[in-house]
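I have placed the structure first, in the form of structure tokens, so that the comments after it can refer back to it.
The values are calculated or read from the model by the stated rules, or taken from the named source; none is laboratory data. Keep in mind that what you see is a predicted model, and the values were worked out from it rather than measured. No Cβ is skipped: glycine too gets one built from the backbone with ideal geometry, and neighbour counts run over all protein chains shown. Surface areas here come from the heavy atoms of the whole protein model, side chains and all, with no ligands, DNA or RNA. Shrake-Rupley method; radii C 1.70, N 1.55, O 1.52, S 1.80 Å.
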Amino acid sequence: MTVPSEPALTQTEPSQAPLRTESFRKARPEIVGPESPEAPFPIYMSGAVQKGFGRGGKDLGCPTANLPDEALESMAAVTTTGIYYGYARVHPIVEESGKMGDCQGEDLETYPMVMSLGWNPFYKNEKMTAEVHIMRDFKSDFYGQKLSVVVLGYIRPELDYTSREALIQDIETDKRVALRSLERPAYKAYEKDCLGEKK
């Protein structure tokens with residue numbers, strides 16, 4: 001699935017998201033994107049993790065890290081709302097204080113991620129957000145610590161839902177699709193590249 005060719009996003013104008021249908025669910029592919037990332041990817045984003053709505057973990061079993069508004073600019077300028085995949089890495093320092101954060105050790109390595117960019121129509125958000133779910137069971141919160149993300153591909157459009165259960169089902173599918181898509185060598189090569197410098 002390729003990124004729809006739509007105008008650059010504005011952070012103040014939500015559009016009507018289509019309703020998720022059963023036929024859409026059944027037709028979802030197990031792997032998305034070409035064999036190697038193509039323009040506009042890779043896209044790099046970073047910023048101190050913000051406190052969000054607190055519903056990702058509680059309501060959906062999918063805790064997310066919210067990037068600050070200014071971090072969205074590089075992504076919003078070249079793409080559209082939807083669900084994306086790539087890699088993410090938490091850094092040790094709390095940006096505001098310069099002190100070490102609670103998240104340390106193996107939690108600071110690079111892990112696969114899925115990211116929702118948009119308005120979360122099921123919850124009727126009033127502002128656009130970038131919510132990153134890192135596929136790692138973290139031992140502690142990392143609010144204020146820097147998060148670096150490299151976005152490598154597009155999974156699906158932003159959708160509205162008639163039930164929380166349907167949303168959760170799609171989120172779990174998003175995770176599986178992301179992991180399978182990242183197994184390809186050209187994507188795996190970006191695993192240590194969240195800062196834009198391949199190692």
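Protein heavy-atom surface of region 140-194, 1.4 angstrom probe: 50% of the accessible area is carbon and sulfur, with nucleic acids and ligands not counted. Annotation for residue 78 and residue 99: the two label points, set 7 Å from Cα along the Cα-Cβ direction, are 3.8 nm apart. At a probe radius of 1.4 angstrom, the accessible area of region 59-116 per residue rounds to 41 square angstrom.
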